[in-house]
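J.: Quick one: the structure is below, and I'll ask about it shortly.
Just so you know, all these numbers are worked out from the coordinates, no wet-lab data involved. Because the structure is a prediction, the values reported are computed rather than measured. Note: ideal-geometry Cβ built from the backbone for every residue, glycine included; neighbour counts use all protein chains shown.
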Amino acid sequence: MSILRLAVSVAALALVCAVPASAQSPAKPQGSQPAAPAATTGTPPAAPTPEPAPYSYDSQGRRDPFVNLLARGSDTRGASTRAAGLPGVLVAEASVKGIVRDRSGFIAMIQGTGTKTFIVRAGEKLMDGTVKAIAADSVVFLQDVNDPLSMVKQKEVRKPVRSADGGRE
């Protein structure tokens, strides 16, 4: 019963809000006449008031409500803006082809999307991260997180060495 009353009152409120303001104003008396137009003295009309400045959003540390949440975390940079060489390789595209040990430590051979192979050491930068460490069997990357809703700004990605035949025996 109370749900029915609530539905009726919501419908009545919607009807009242839908009625134009001119219909809600009290009716004019029948005998009244419209006011006489003001006498024109030949002066030009006043200049129109300037439009208000467009709205600007002050985030104050909050997320921007106009950012598309469906595209979050994706790389917005296109292939045309990529740098040449290792700084143009994404961590997700990198494939570890081999690891070699020398006097100074481990060196890794990284392959990007094409057939180019790069020699990297710990601390070198990629497009969206850096090489954190190189072990005997894998490379650890620190990948920058491009998600406005995420509290973490970097995550570790461990990539093992890929064999020449893709792991098939």
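J.: Using modelled amide H (1.01 Å from N, peptide plane; none on Pro or chain starts), what sits under 5 Å from the amide H of residue 128, excluding residues fewer than 5 places away?
T.: Sorted by chain and number, the residues that satisfy this are 91.
J.: Just want to confirm a number: the relative contact order over the range 87-160, from Cα pairs under 8 angstrom separated by 6+ residues, in percent.
T.: Values: 149 pairs, mean separation 18.3, N = 74.
Answer for the range 87-160 is 25 percent.
J.: Let me ask something additional. For the cross-link pairs 132/155; 97/159; 116/153, which exceed 20 Å when the distance is taken from alpha carbon to alpha carbon? Write out the running numbers ahead of the final one.
T.: On the way: 132/155 11 Å; 97/159 10 Å; 116/153 29 Å.
From 132/155; 97/159; 116/153, over 20 Å: 116/153.
J.: Counting just the Cα atoms, what span does the range 87-160 cover along each of its three principal axes? Round to the nearest Å and put the largest first.
T.: For the range 87-160, the Cα extents along the three principal axes come out at 42, 25, 18 Å.
J.: Give, as ranges by residue number, the residues of the range 143-160 whose backbone N falls under 18 Å from the point 7 Å along Cα→Cβ of residue 137.
T.: The answer is 157-160.
J.: Another question about this same structure. Along Cα→Cβ, 7 Å out, is where each label goes; now give me the distance between the ones at residue 5 and residue 92 in nm to one decimal.
T.: Once both label points are built, they end up 5.6 nm from each other.
J.: May I ask you to compute the full-extension gain from residue 55 to residue 115, defined as 0.36 nm times their residue separation minus their alpha-carbon distance, rounded to one decimal in nm?
T.: Additional length available on full extension: 16.7 nm.
J.: Could you rank the peptides 152-159, 84-91, 100-107 by their average count of other C-beta atoms within 10 Å per residue, with the highest value first? Write down the numbers at each step before the final one.
T.: Details: 152-159: 12.4, 84-91: 15.6, 100-107: 10.1.
Sorting 152-159, 84-91, 100-107 by mean packing, highest first, produces 84-91, 152-159, 100-107.
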